[in-house]
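FYI, it's all coordinate maths here, none of it is from the lab. Computed from a predicted structure; not experimentally measured. All Cβ positions, even for glycine, are placed from backbone atoms using ideal geometry, and neighbour counts span all protein chains on display.
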Amino acid sequence: MSTQRTPEELAAWLRLAAEPGLGRATVRHLLAELGLPHQILSASAGTLTRLLPPELAQRLSAPPIDAVHTVMQQAETLLAQTGHHLITLADPDYPASLLDSPDPPFLLFVRGDLSRLHRPSVAIVGARSATEGGKDNARAFARYLAERGWTIISGLARGIDAAAHEGAMQAGADGGGTIAVLAGGLDVMYPPQHTRLAEEIAATGTLVTEYLPGTPPMAYRFPDRNRLVAALSRGVLVVEAATQSGSLLTARLALECSREVFAIPGSIHAPLSRGCHALIRQGAKLVEQGNDIEEELQRTGPLPANNPVAPYPARAPGHPAAARSHGRTDRSPISSSADLLARRAGADTHSEHRAPQPVRPANRMLKDPIINRVLDAMGHDPASTDQICRRSGLDVARVSALLTELELNDVIQRLDDGRFARRQHGIIYG
């Protein structure tokens, strides 16, 4: 069941998602500092200016502009349709696996079966230009795992992704089913030729995205989709991949979330085997059959309820691996959604990925050598988070937190395409 909320509460969450200039990390920081969305929106411009650039603070303290209001109405209309849901960071049914990730979304739009977001899952990813043999392997692994209760997650792309979804559905109604994570709105199917496949998934499984209805699947949104594919799963299987591909990014993101990574080997002469071989050299587990994946995953957490494999001896409750593999939970009594949100959005978490702390004054912040390392990596042209991570050698969680701090201090600005650019004397470069 999706969480019941008043129209005013729904509108407040959608306003935070629709307001230009508010990124995920900034919204989580606002939630941690000020509470639920309606409390953020009722705060004075002066209060918001302590946490946001002045122009954005003024805009957020006023009623939404027409363009934002239109987007909110479109989302409300979509959510009113049967089988459509909104899950927020303050909801008890927010997926625990995402809470364990470095960059959790503050809301999710879902179509289909909500319960699959909480089941043991394996992601299967790979090349869009996959070989017929690679697609056969993806279907076979997906069907085997789904028949044994695992939910199969992928990104609805051509090639391996589509084959994985198809294989999972071949396991039938008693199988684990499949989740498709989208890089755009629920009402914008990409690629268009997978519209029928998406409808089949919605009927028996789940479509999920962090993007508002109408959001197009632009190229820079696919890495964000990949991070959710990795974070929702217990492990990621790469079937075929070139040496530079989104599948390898998904594998890297899985490692950052402390998920297992698996790869299927291939011919040394096949270009689409090289990415898998690179992963295996870096420590991914070589797999030849679905049981290889189960043997590894049964060591890190519970198996699906209908899985016939005898479970591995349970971890002691205090064992660190048990906490990592079962996902973070809020075990203390929670009196309200505001208390739950404070635990999730604020600094009261036991992982190293904490919400941004109160920002330092810009004059002190810019003396920090790590901050300057990020600025040097950004350069003077617009740069994406992934580019800054690659150039600086810092992980995505650290870079995201520092970019948020720089943004809140008006040193940089997030552009409409998701990249960042420096400010200087009020001018945005790029």
Exercise. If you place +1 on the Cβ of every Lys and Arg, -1 on the Cβ of every Asp and Glu, and leave all else neutral, what size is the dipole of segment 362-428 about its Cα centre, to the nearest 20 Debye?
Worked result: 200
Problem set entry | Equivalent ellipsoid dimensions for segment 7-80 as semi-axes, Å, which come from the Cα gyration tensor, largest first | 20, 13, 11
Problem set entry | Whole-Hz ³J(HN,Hα) from phi, Karplus 6.51 cos²θ - 1.76 cosθ + 1.60, for segment 57-64, glycine and proline x | 4, 4, 5, 6, 7, 9, x, x
For this session: Can you tell me which of 76-87, 387-398 comes out highest on packing, and rank the rest after it, using the mean Cβ neighbours within 10 Å?
Result: 387-398, 76-87
Exercise. Under a point-charge model restricted to the Cβ atoms of Lys and Arg (+1) and Asp and Glu (-1), what is the dipole moment magnitude of the chain relative to its Cα centre, in debye to the nearest 20?
Worked result: 920
For this session: Apply the Kirkwood formula to segment 109-297: the hydrodynamic radius equals the inverse of the mean of 1/r over all pairs of different alpha-carbon atoms; give it in Å with one decimal.
Result: 15.8
For this session: Would you work out the charge dipole size for segment 109-297 about its Cα centre, treating the Cβ of every Lys and Arg as +1 and the Cβ of every Asp and Glu as -1, and quote it to the nearest 20 debye?
Result: 420
Exercise. Mind listing the Cα extents of the chain along all three principal axes, in Å, largest one first?
Worked result: 59, 48, 46
Exercise. Compactness ratio of segment 257-301: Cα Rg over 2.2 N^0.38 Å, N = residue count?
Worked result: 1.23
For this session: Calculate the length of the line joining the C-alpha centroid of segment 219-292 to that of segment 115-189, in whole Å.
Result: 14
For this session: Compute the long axis of helix 369-378 from its Cα atoms, compare it with the longest principal axis of the Cα atoms of the chain, and write down the angle in degrees, 0 to 90, nearest 10.
Result: 70
For this session: Pull up the DSSP beta bridges for the chain and report the antiparallel fraction as a percent, rounded to 5.
Result: 45
